[in-house]
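In what follows, a single structure is set out as structure tokens and then discussed.
Derivation of every value follows stated rules applied to the coordinates shown; laboratory data play no part. For clarity, every value in this text was computed on a predicted model and none was experimentally measured. Here the Cβ is made from the backbone with ideal geometry for all residues, glycine too, and neighbour counts use every protein chain on show.
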Amino acid sequence: PQIIEHLRVEHELSNVSFSTWIKPLKVYDVINNTVFIMVNMNSSVEYIEKKYLLPLKVCIAEITGEEYEVSFISEDDDRLNEIQNMAVEASQKKRTKSVAERAGLNPKYTFDTFVVGGNNSFAHAVSVAVAESPGQVYNPLFLYGGVGLGKTHLMHSIAHFILDQNPKKKILYVTSETFTNELIESLKNGKSSGNESSMTKFREKYRNIDVLLIDDIQFIIGKESTQEEFFHTFNHLHTSGKQIIISSDRPPRDIETLEARLRSRFEMGMLADISSPDYETRMAILQKKIELDKLEKYNIPLDVIQYIATNIKTNIRELEGSLNKLIALYRLNNNEGTIDISLAAEALKDIISSDNNREVTPELILDIVADHFNISIADLKSKKRNAEIANPRQVAMYLMRTMSTKELSLKAIGAIFGGKDHSTIKYGIEKVESEMETDETLANTVNIIKKKINPA
Ligand code: ADP
Ligand code: MG
């Protein structure tokens with residue numbers, strides 16, 4: 001709230017108008033997506049609205065990274081009661097946020113939305129069995145397969161299913177990156193404060209659960225302490241009959257950094273692989289996506305869908321991405337042109353195929369960084385300054401400088417990020433470099449992204 005006023009200063013306001021109009025403003029409440037701003041009795045709501053609504057919106061978006069509506073109210077506003085009721089309602093809703101959401105699950109990743117085909121029918125069947133009787137059939141369940149083939153989708157489906165059956169079940173879904181980073185933090189805090197309570201908390205979190213899902217175990221670092229802790233977590237859960245589900249891009253025997261004792265633990269459960277979908281399955285996935293995302297209204301011709309299914313073979317995320325891109329291109333033309341094969345060809349042109357010897361382009365880096373942090377490429381390129389976006393942006397700058405196949409100047413990187421100054425880029429890159437030296441979790445994260453860009 002205060003920040004809004006501060007930032008106003010940066011937005012070229014004269015001192016007089018700032019202190020007359022902006023300084024007296026108080027954030028009254030933030031409800032859902034609206035910021036209610038209380039205007040001082042003696043000022044004119046109309047005037048402020050006319051003059052400052054837009055700049056304020058922009059400011060809020062810059063700071064928070066989210067779009068908010070802004071609504072001005074005065075102290076004698078008739079709507080005050082109404083707003084208070086809205087606030088109560090909104091906070092109640094927040095509290096009853098579904099268990100699934102709290103467990104960090106994507107609501108779209110359920111068994112209902114998962115298309116079963118020859119490539120994944122076995123993995124799907126054992127996942128359903130585990131979801132129906134966690135801890136009792138296949139434990140651990142180890143799902144493996146290439147990037148974008150549905151491992152995360154299946155894991156979330158299992159978790160949703162268990163929670164639907166019994167919302168009281170304690171389910172923890174994490175990536176191996178989160179596990180590692182939280183462990184590093186707990187060890188560090190334990191050391192610096194001289195007590196063990198942060199490690200105790202860590203262990204409580206990971207052991208006091210019914211189902212543990214660890215995604216992308218291939219990124220668990222080779223460090224002894226991490227694998228040691230994971231080994232104990234695993235044993236603790238396993239011997240008390242708790243379900244463990246693990247995913248990886250390859251089977252346990254091929255994960256070189258994995259300790260032998262963990263490898264053999266993983267192999268004693270059920271291994272199920274997911275391979276690339278065949279043509280029929282790719283068609284079915286595209287049709288399903290059209291249905292789920294309500295894209296029927298675009299009347300995409302069958303031959304266009306077939307064209308996409310024919311050309312994108314190995315990655316379902318790219319299959320979906322092509323469809324999104326196609327619609328985006330069409331809408332860019334004010335919904336006027338036609339959706340045909342040539343538009344589809346244009347859409348596919350930008351889709352990065354997962355080839356091991358692929359060129360490392362800025363687009364590839366943007367794509368992987370955005371995906372990793374679960375933000376959009378538009379956000380990465382935007383001017384938003386909130387840490388959730390600014391930090392990934394700096395990581396992307398660093399990776400472009402250090403990993404691009406064609407060497408990129410600071411200026412060239414600046415151009416990619418909407419014409420940023422070369423000194424801004426330099427600052428960003430150096431910040432990442434120096435922080436990686438002291439911040440072990442950042443170093444871990446950057447290493448994981450590097451592996452995603454350049455899978456060995
Ligand atoms: P992975 O974790 O294996 O890299 P994801 O689970 O993230 O892959 O899947 C990538 C995208 O493809 C997701 O949007 C997911 O919903 C979709 N997807 C994957 N497999 C299927 C499937 N069998 N049916 C429907 N959508 C799928
Ligand atoms: Mg995944």
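Counting pairwise Cα distances across segment 397-454, what percent come out greater than 12 angstrom?
In whole percent, the share of Cα-Cα pairs in segment 397-454 beyond 12 Å is 66.
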Want the number for Ala387 to Lys168: 0.36 nm per residue separation, take away the alpha-carbon distance, what's left? 75.5 nm
Can you list the residues, at least 5 places off or on another chain, whose amide H is less than 5 Å from the amide H of Ser74, using H built in the peptide plane? Val39
Over segment 104-154, equivalent-ellipsoid semi-axes from the Cα gyration tensor in Å: 17, 14, 11
May I ask you to list, by number, the DSSP H helices of the chain whose Cα span along the axis is at least 18 Å and whose average Kyte-Doolittle hydropathy reaches -0.5 or more? 45-64, 151-165, 279-292, 316-332, 387-403, 440-453
Taking a ≥ b ≥ c as the square roots of the Cα gyration tensor eigenvalues, with a/c under 1.5 meaning rounded and otherwise prolate when a/b beats b/c or oblate if not, segment 158-273 comes out oblate
Could you give the Stokes-Einstein D for segment 240-279 in µm² per second, using the C-alpha Kirkwood radius, 20 °C, 1.002 mPa s? 182 µm²/s
Kirkwood Rh (inverse of mean 1/r, distinct Cα pairs), the chain, angstrom: 25.3 Å
Would you mind checking Lys411/Lys452; Lys223/Lys381; Lys23/Lys50 for any pair whose Cα atoms are more than 28 angstrom apart? Lys223/Lys381
Cα lying deepest toward the dipole's positive end in the chain, options Leu149, Ala260, Met41, charges on Cβ: Ala260
Partner lysines for Lys169 [C-alpha distance under 23 Å; skip if fewer than 8 residues away on the same chain]: Lys93, Lys94, Lys97, Lys108, Lys151, Lys201, Lys205, Lys242
Can you give me the pair-distance distribution of segment 286-354, C-alpha pairs, 5 Å bins, whole percents? 3, 18, 32, 28, 15, 3, 0
Stokes-Einstein translational diffusion, segment 224-361 - Kirkwood Rh over all Cα pairs, 1.567 mPa s, 4 °C, in µm²/s: 71 µm²/s
When all Cα-Cα pair distances of segment 211-303 are considered, the percent exceeding 20 Å is 52 percent
Find the Cα radius of gyration of segment 315-424, compare it with 2.2 N^0.38 Å by division, and give the number to two decimals. 1.17
The chain: relative contact order as a whole-number percent, Cα under 8 Å and 6+ apart: 14 percent
Taking every pair of distinct Cα atoms and averaging 1/r, then inverting, what Kirkwood hydrodynamic radius in Å comes out for segment 253-321? 14.7 Å
Spread of Cα-to-Cα distances over 5 Å intervals beginning at zero, given as percent, for segment 158-210: 4, 19, 21, 19, 14, 11, 6, 4, 1
For the chain, with only Lys/Arg (+1) and Asp/Glu (-1) charged at the beta-carbon, what is the dipole magnitude about the Cα centre, in debye rounded to 20? 600 debye
